[in-house]
1. Counting only residues 5 or more places away or on other chains, whose amide H sits under 5 Å from the amide H of Arg154 once H atoms are built in the peptide plane?
2. Under the rule a/c < 1.5 gives rounded, and otherwise a/b versus b/c splits prolate from oblate, where does the range 257-374 land using the Cα gyration tensor?
3. So, in nm, how far is label Ala439 from label Glu141 when the simple model puts each one 7 Å beyond its Cα toward the Cβ?
4. For Glu241 and Arg428, what does the FRET efficiency come to when R0 = 45 Å and r is the distance between their Cβ atoms, rounded to the nearest 0.05?
5. With r as the distance between the Cβ atoms of Phe409 and Asp176 and R0 = 41 Å, compute the FRET efficiency 1/(1 + (r/R0)^6) and round to 0.05.
6. Listing Trp458, Trp345 from the residue with the fewest other Cβ atoms within 10 Å to the one with the most, what is the order?
7. With only Lys, Arg, Asp and Glu charged, each at its Cβ (+1 for the first two, -1 for the last two), find how big the charge dipole of the chain is about the Cα centre; round to the nearest 20 debye.
8. Give me the number: length gained by fully extending Asp15 to Asp49, i.e. 0.36 nm times residue separation minus the C-alpha to C-alpha distance, one decimal in nm.
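Just so it is clear, none of the values below were taken in a lab; they were calculated from the coordinates. Since the model is a prediction, treat every value here as computed from it, not as a measurement. Here the Cβ positions follow ideal geometry from the backbone for every residue, glycine too, while neighbour counts run over all protein chains shown.
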Amino acid sequence: MILFRDIYHLATMNDAGERLTNVNVLIDGPRIADVGPGIAAPEGSRIVDCSSMLMIPGMVNLHHHFYQTLQRNIPPAQNRKLFDWLTTLYDIWANLSPDAIRASTRLACAELLLTGCTMTSDQMYVFPSEAGTDLIDIEVEAAAGLGIRFHPTRGSMSRGRSQGGLPPDVVVQTADEILRDSERLIDAYHDPEPFAMTRIALSPCSPFSVDADLMRDTAELARDRGVLLHTHLAETEDENEFCLKEYGVRPVGLMESLDWLGDDVWFAHCVHLEENELDLLAGTGTGVSHCPTSNMRLSSGVARVPEMLERGAKVGLGVDGSASNDSSDMLGELRICLLAHLLTWGPRAITADEIARMATRGGADVLGRPEIGTIAPGMAADLALFDMSRIGYAGALTDPLAAIMYAGFDHRASYTVVNGEIVVEEGRLVRASEEEIAADGNEASRRMLEDAGVDTSWMRSA
Ligand SMILES: [Zn+2]
């Protein structure tokens, strides 16, 4: 057992939004055993002094593409909007290898854990024929090695350039290959039980890289097997135009016609929505992964999140792939979210409390995890702790929860706990070496970029 003793400030994220001070939290295996003042530690327990710590439930990342950590900040993809950005990158992604997937998964998961994220999704949708068929298997193994709770999604692209899609034909697969591999992954890794460490979801990439038949067949398979569905939606004006031209409807209308709305579906982005589409998402319990940094980076727009929350829609946060963020800084995403909405919709649009709730309980709700996202007895022991005695928070402690969004310049968690295990301790990974992960990431990045003919002359030698 582990006792987190004398916690300076605790944001429970329970229904009442209770905050507690000077309390203890006892965890027993994967669960929180007790929360309150004066709880004693049974003999042999580990004790962690939390007298300067803010404790929140671990944050949940709803959207990522781990492999893109190897293409952060590359000059040809700076200053581009989505469609140009994608066509620039597809040719680089065609060089993905098993080693690149391992290195990028470790890099992304390390950054997420170090910034207080305890459960993440990932969408892997580029399967170059030469890279083999076990790229998601490699992700599962690498994520488990670092100790993060993981919802990998089996992405897919079936509509290459010769079929009117955006990706080159060399990175797309046939519907048959995609559906067979989706079933294989569900059989191998999906754990439907509460407290599961790994759950699979299915995620055709987007309306412009997958045809309607595959979207429909994927939904049927997911419902047959009881797994969630995920895709990109309504990210840009270009996508709206594509859907109107190709299908005669806007993206949400297309999804409705394909039986792709419901509480087993979540969409990344949802930037360009009209009133009735906001109503439809909220009314059907369809989840949204809001990705503010990525939407700013690609000049896509700002999602109408305050209106989604008003309607009771299920919304969480996603850092999105690292070619459009360009980091996996979970806490940083909350700050960007706060500032983006205050700027776009006005000073009363959203509060720091609402954003913290979205990033924790909100995300867990989207992924169908009622046992995660609240600090209370019986709930999952997924926790993030931040040291509020750091210089960046000095002068900001009248509201310690809001302080981690309004103030601070170092987004590193002091402790991150997943499934009852301390995986970040005093701001460092417990199970792996950060230096090694960074060096491996740089090496894998260099190989991919050189193969694609990108200028790497300024890259630092290991
Ligand atoms: Zn994405």
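1. Ala201, Leu202, Ser203
2. On the way: a/c = 1.33, a/b = 1.22, b/c = 1.09.
In terms of gyration-tensor shape, rounded.
3. That separation, rounded to one decimal, is 2.2 nm.
4. On the way: r = 47 Å, r/R0 = 1.05.
Between Glu241 and Arg428 the formula returns 0.40.
5. On the way: r = 50 Å, r/R0 = 1.23.
The calculated FRET efficiency here is 0.25.
6. Values: Trp458 6, Trp345 15.
If I rank by nearby Cβ atoms, fewest first, I get Trp458, Trp345.
7. Values: 37 positive and 69 negative charges, 182 e Å.
So the dipole magnitude of the chain works out to roughly 880 debye.
8. Numbers: separation 34, 0.36 × 34 = 12.24 nm, distance 2.72 nm.
Here the segment from Asp15 to Asp49 would lengthen by 9.5 nm.
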